[in-house]
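Working notes, structure below.
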Amino acid sequence: MKKKLSYIFNILVIIFIPVITVKLIIGKKDFGTIINDFCSAGLGWLMLGLLLVLLFVCGESVIIRYMLGKLKAPVSILKCIKYSFIGFFYSYITPSSSGGQPAQIYYMKKDGIKIGYSSLIMVIIAFTYKLALVLTGLVLFIFRFSAMCEYIGGLMWLVIVGFVLNIAYIILLGAMVIKPLWVKGIGIKAIKWFAKIKIIRNEKKYINKINRICENYILSATYFKENLHTVLKILGITIIQRLFLFSVTFVVYKSYGLGDTLFIDIVAVQAIIGIAVEMLPLPGSAGVTEGCFMSMFKPIFGAQLVAPALILSRGMSFYFLLIVGGLVTIIAHLIATKRTYQNNSEK
């Protein structure tokens, strides 16, 4: 019950904070004018934007299916799409996207997929997903350095913090994959120290949790060493997957008949925003994402169109995915509940 209330609260945060943020940024500007500008966007381009979002989701589904095939546990692509939508839904409603992968593992288990397999897949996806973001953002930032500095402006400090947090996360994840026993030893020592100074109470509970996590990473370490080429293929797919989502803002840009800014600049700015906000402990990075978009894209869209562009871009790349993911999650939950009921009735 407590977890459900937390999810509801997070969804309310996701709904209301962006509205308040945009309202504060646009100040006294007539909201009706923004809606008119919003409605003037080309429908064909917006449909392409929705297609790009679906391709983004399917990119992860392809990785899940590919990995399950490699592990001799083939599953239909529709089920893999279901896992992806569920993962993105829970990632969007939990701080730092922490809830997505546990939910995916849960529903994979409901479909008879071993936890060892699903955990391995989620580790690889988590690692390549962050690595793809940092590599893409870093390459584009360096390649278009002068333009990026101009667009980022006073938010450079947030981008630097984002880079540091993402790189630290990748290093930690990489260490857990390459040296899981080493990380396990450090983790247990840290827990014992925290228990000694009374920061945590149930020492055994946290040690058991670290043991379970590291067992999954031991399997991952073996897989990484023996299948590096497979991991590199997944990284390549993930970079393409990320580019699908980053391109949504360019589609919005073209929907207004604009054409002065290069595709690579718009994608680069969107990647930089992702780096700046994704590790923040806020559900859906609500509020901060909107603020970054309004600031960084104002020179690109102009003062009049930046707010409606935000509504369209964020609406397609986040809220559309949130709504569809929520519906898929509800349907999957009802089917799983019905199946459990039927199995219990037959016993």
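The values are calculated or read from the model by the stated rules, or taken from the named source; none is laboratory data. Keep in mind it's a predicted model, so treat the numbers as computed, not measured. With ideal geometry, Cβ positions are generated from the backbone for all residues, glycine too; neighbour counts draw on all protein chains shown. We work out accessible area using only protein heavy atoms, side chains counted, and drop any ligands, DNA or RNA first. Shrake-Rupley method; radii C 1.70, N 1.55, O 1.52, S 1.80 Å.
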Centre separation in Å (Cα based) which lies between the range 44-109 and the range 222-270: 16 Å
Potential extension, LEU138-TYR66 segment - 0.36 nm per residue separation minus Cα distance: 23.2 nm
Anisotropy class of the range 44-183 from Cα gyration tensor, a/c 1.5 cut: oblate
Entries of LYS79/LYS179; LYS130/LYS233; LYS72/LYS110; LYS70/LYS205; LYS79/LYS204 with Cα pairs more than 25 Å apart: LYS79/LYS179; LYS70/LYS205; LYS79/LYS204
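Which order do LEU235, LEU243 take by accessible area at a 1.4 Å probe, largest first?
Numbers: LEU235 25, LEU243 65 Å².
From most accessible down to least: LEU243, LEU235.
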Prolate/oblate/rounded label for the range 32-111 (Cα gyration tensor, a/c 1.5): oblate
Contour minus Cα-Cα distance for LYS109 and LEU228 (0.36 nm per residue): 40.2 nm
Cα gyration tensor category, rounded, prolate or oblate, for the range 92-136 with a/c compared to 1.5: oblate
Net charge of neighbours whose Cβ lies under 11 Å from the Cβ of MET108, counting Lys and Arg as +1 and Asp and Glu as -1: +4
